[in-house]
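Each remark here refers to the structure printed beneath this line.
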Amino acid sequence: MSTQMSSHNCFLHGQAQSIDEVNPEFETLLDYLKRRRDCDLTSYKRPGLMRRFQNRMQQLKIDTYQKYLQHLQCHSDEHLALLNDVLINFTGFFRDRNAWIYLATEVIPRIIASQRSHEVVRVWSAGCASGPEIYSVLILLSEVLGVEFCLQRVQCYATDADADALQRAQRATYSDLETTSIPPQLLEKYFEQTEQGYVFHRELRNLVTFEQHNLIKDAPLSDIDLLICRNVLMYFTPEAQEVILSRFHHSLKNIGFLFLGQAELVMNDRQMFSLIDFKQKIYTKEPELEDDSPIISKAHWQQVAHQLQGQDAFWQTIFESSSCDPLADLLTKLATEIKDTALQ
Ligand SMILES: C[S@@+](CC[C@H](N)C(=O)[O-])C[C@H]1O[C@@H](n2cnc3c(N)ncnc32)[C@H](O)[C@@H]1O
């Protein structure tokens, strides 16, 4: 891929970098990593990438890209340590809580309404880091649809380029600190407390297939109902974002949803996705013409939403646990508003 940035932006936040900002020494370094270490970082935005290279170089007390290139040439495993700094694994359960509430009230009912009775709900967390994202979805689905439904009708895929993060995701064991964002009732219901930490529900965990997968070079999964790729695309150049988004478009079923991070926004110039909620950055796929999937009417999915919310388990849990939750007031207010408007 060219190291020069295209002026065509796929993301509002992905400002194109001017050619003047290209640093030849840095590009030589990237070229070496790509050709000699099979480590292609050319699709990442330069300012952030350079900062992370510099972090690594500081640890090694190396002050120029040229010297770091020599270091890479002499140490065949150095690129692995560098990757640890480049692939930022920061994550959390129910990160951006309001978006998850929206998912529970608006998106999951629509997915269920669009399904034929024998169909499986397929969820893909792309760039899953150490796993909280895919386990958050499973908790939501279980609260909204019931654990039994999930065990019979849900398939999950969690992928990341970082093998270490994937191993942590598979272990599904989290510290006190990592689980503070989970309402206590959900923590008690879906995790087992062990000496090593809180371990996620074994049967639900078995619904997840973990796979090392690079969004830039590996073939995408297919027939996905809900594709969660949060806080990943923002690290890529506009060109790379566009390639990934076009693959995501093919990945999704025709009534499929794309859930991005709060700072990520698709420019709709290729009509691949429609924004259904600006604040929560949730999109639906613009259907391909040859599709014969049933069109769901608003009345139909509202009816399903009503039936699902009849269980009220999700809301009860959130409300009851909210007294211990610093986000309680905001959450309760927003949850009530969303629930009311969803049923109007
Ligand atoms: C900031 S974390 C986001 C984790 C999670 N999605 C969330 O929002 O909490 C970014 C993740 O993207 C992964 N990542 C970076 N480049 C990737 C690539 N080319 N293919 C797949 N995953 C990648 C990183 O390894 C990291 O785990």
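Here are the numbers for this structure:
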item	result
Segment 223-279: number of residues that are basic (Lys, Arg), away from the ligand (no atom under 14 Å from the Cβ) and more than 20 Å from Asn98 (Cβ to Cβ)	2
Qualifying residue in segment 160-178 (condition: under 22 Å from Ala99 (Cα atoms) and away from the ligand (no atom under 16 Å from the Cβ))	no
Condition met for Leu204 (in the same structural domain as Thr173 (by TED's automatic domain parsing), out of contact with any strand residue (DSSP E or B) (no Cβ under 6 Å at 6 or more places or on another chain) and modelled with pLDDT of 95 or more)	yes
Criterion (out of contact with any helix residue (DSSP H, G or I) (no Cβ under 9 Å at 6 or more places or on another chain) and farther than 23 Å from Ala163 by Cβ) met by exactly one of Leu187, Leu177	Leu177
Residues of segment 257-276 that turn out to be buried (at least 22 other Cβ atoms within 10 Å of the Cβ) and closer than 22 Å to Gly131 by Cβ, as a count	4
Residue within segment 258-269 that is modelled with pLDDT of 95 or more and more than 20 Å from Glu106 (Cβ to Cβ) present	no
Subset of segment 48-68 that is surrounded by fewer than 16 Cβ atoms within 10 Å (Cβ to Cβ) and among the charged types (D, E, K, R) - its residue that is farthest from Pro238 (Cα to Cα)	Lys61
Every residue from segment 129-138 that is touching a residue at least 60 places away in the same chain (Cβ under 8 Å) and either of a type in the set (A, V, I, L, M, F, W, C) or outside any helix (DSSP H, G or I) (or both)	Gly131, Ile134, Val137, Leu138
Thr209 more than 25 Å from Glu106 (Cβ to Cβ), surrounded by fewer than 19 Cβ atoms within 10 Å (Cβ to Cβ), out of contact with any Cys (no Cβ under 6 Å at 6 or more places or on another chain) and free of Cβ contacts under 8 Å to residues at least 40 places away in the same chain	no
Residues located in segment 186-206, provided they are in contact (Cβ under 8 Å) with a residue 24 or more places away in the chain and surrounded by 17 or more Cβ atoms within 10 Å (Cβ to Cβ)	Leu186, Tyr190, Gly197, Tyr198, Phe200, His201, Leu204, Arg205
Test: Leu187 is farther than 28 Å from Asn214 by Cβ and either at pLDDT 95 or above or touching a Phe, Trp or Tyr at 6+ places or on another chain (Cβ under 6 Å) (or both)	yes
Test: Glu78 is without any contact (Cβ under 8 Å) to a residue 24 or more places away in the chain and among the charged types (D, E, K, R)	yes
Within segment 193-222, considering residues that are within 14 Å of Ala172 (Cβ to Cβ) and of a type in the set (Ser, Thr, Tyr), the one farthest from the ligand (Cβ to nearest atom)	Thr194
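Conditions (1) within 16 Å of the ligand (Cβ to nearest atom); (2) modelled with pLDDT of 95 or more, marked per residue:
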| residue | (1), (2) |
| --- | --- |
| Gln4 | no, no |
| Gln17 | no, no |
| Gln58 | no, yes |
| Lys61 | no, yes |
| His79 | yes, yes |
| Val86 | yes, no |
| Arg97 | yes, no |
| Glu106 | no, no |
| Ile112 | no, no |
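The values are calculated or read from the model by the stated rules, or taken from the named source; none is laboratory data. Please read these numbers as outputs of a predicted model, since none were measured by experiment. FYI the Cβ positions are ideal-geometry reconstructions off the backbone, even for glycines, and counts take in every protein chain you see.
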